Amino acid sequence: ISSDDVEKGVWSPALEPVWSKNYVKRLEDQAKKTLMIWPYHTMIGTPGHAITPALYEAITFHAAARDSSPVFIAKGSIPKTEHYSILEPEVKVPEVPLGGINQPLIDLIASYDSIYVAGQAKSHCVLETMTSLVRYFEFKQPEFIKHWHLLEDCTSSVAHPEIDFEALADKQLTAFEALGLARVRSQEEIHS
């Protein structure tokens with residue numbers, strides 16, 4: 001839904017019309033996206049929100065083997081903004097907790113020697129998380145990007161009949177490769 005279509009009356013906000021119209025414009029200006037209305041998915045309390053049992057078993061095994069505790073982070077709790085990246089919402093909502101950059105999470109990520117990234121969807125949430133990381137580290141600690149490994153076979157793009165999200169994601173990820181991101185497969189040897 002473009003801000004232009006909202007202004008023309010093709011789409012009309014159901015709630016908070018002034019704020020909603022401004023939001024669609026801010027989303028385009030700040031995040032370079034148009035508003036996407038998604039079907040309900042990964043709702044809290046549904047199987048889509050839960051970690052797949054096999055993955056959870058691996059997390060539990062890893063935690064026991066390393067005598068560590070996994071850290072689970074939820075996102076998307078701010079109704080007034082998309083939240084593709086785990087690190088920040090698409091449009092900042094500073095008056096809300098986690099309505100901006102999640103600095104404690106960035107600090108936690110920066111404390112590790114190797115970062116492996118997987119998840120859904122490559123073209124949206126994974127890509128925006130990687131984009132947030134690059135935006136944060138590219139000028140402050142560019143060498144840190146070489147610590148990141150995207151598990152290509154542990155993610156996939158949103159399928160759309162008209163938009164090739166896979167190609168769009170690959171174009172951006174190729175640019176991140178030039179900065180040091182490694183694109184690997186889950187069966188490959190772990191790098192340190």
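The values are calculated or read from the model by the stated rules, or taken from the named source; none is laboratory data. The structure displayed is predicted, hence computed values, not measured ones. Positions of Cβ are backbone-derived with ideal geometry, glycine not excepted, and every protein chain shown enters the neighbour counts. Each accessible area value is taken on the protein alone, full model and side chains, heavy atoms only, with ligands, DNA and RNA left out. Shrake-Rupley method; radii C 1.70, N 1.55, O 1.52, S 1.80 Å.
For the reader, a short list of remarks on this structure follows.
Let's see how each residue does on (1) over 20 Å from Met130 (Cβ atoms); (2) out of contact with any Gly (no Cβ under 7 Å at 6 or more places or on another chain):
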residue	(1), (2)
Ile73	no, yes
Pro79	yes, yes
His83	no, no
Pro89	no, no
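- Top-ranked residue of segment 23-76 - restricted to ones that are at pLDDT 90 or above, open to solvent by 90 Å² or more (accessible area, probe 1.4 Å) and of a type in the set (Lys, Arg), ranked as farthest from Ser3 (Cα to Cα): Arg66
- A search for C-beta distances below 6 Å between a residue of segment 142-171 that is closer than 13 Å to Ile115 by Cβ and any residue that is assigned to a strand (DSSP E or B) and open to solvent by less than 60 Å² (accessible area, probe 1.4 Å), counting only pairs 6+ apart in sequence or on different chains, returns His147/Ile115; Trp148/Ile115; His149/Ala182; His149/Val184; Leu150/Val117; Leu150/Arg183.
- Scanning segment 102-115 for residues that are without any contact (Cβ under 8 Å) to a residue 40 or more places away in the chain and out of contact with any Phe, Trp or Tyr (no Cβ under 7 Å at 6 or more places or on another chain) turns up Asn102, Gln103, Pro104, Leu105, Asp107, Leu108, Ile109, Ser111, Tyr112.
- Taking (1) loosely packed, with under 14 Cβ neighbours inside 10 Å; (2) in contact with a strand residue (DSSP E or B) (Cβ under 9 Å, 6 or more places away or on another chain) in turn, Glu95 satisfies each apart from (2).
- Among residues of segment 1-22 that are modelled with pLDDT under 95 and among the small types (Gly, Ala, Ser), those with a beta-carbon under 7 Å from a residue that is open to solvent by less than 90 Å² (accessible area, probe 1.4 Å) and not in a helix (DSSP H, G or I) at least six positions away or on a different chain give the pairs Ser2/Thr34; Ser20/Pro13.
- Residue count for segment 177-192, restricted to those that are closer than 17 Å to Ala121 by Cα and either modelled with pLDDT under 95 or not basic (Lys, Arg) (or both): 2.
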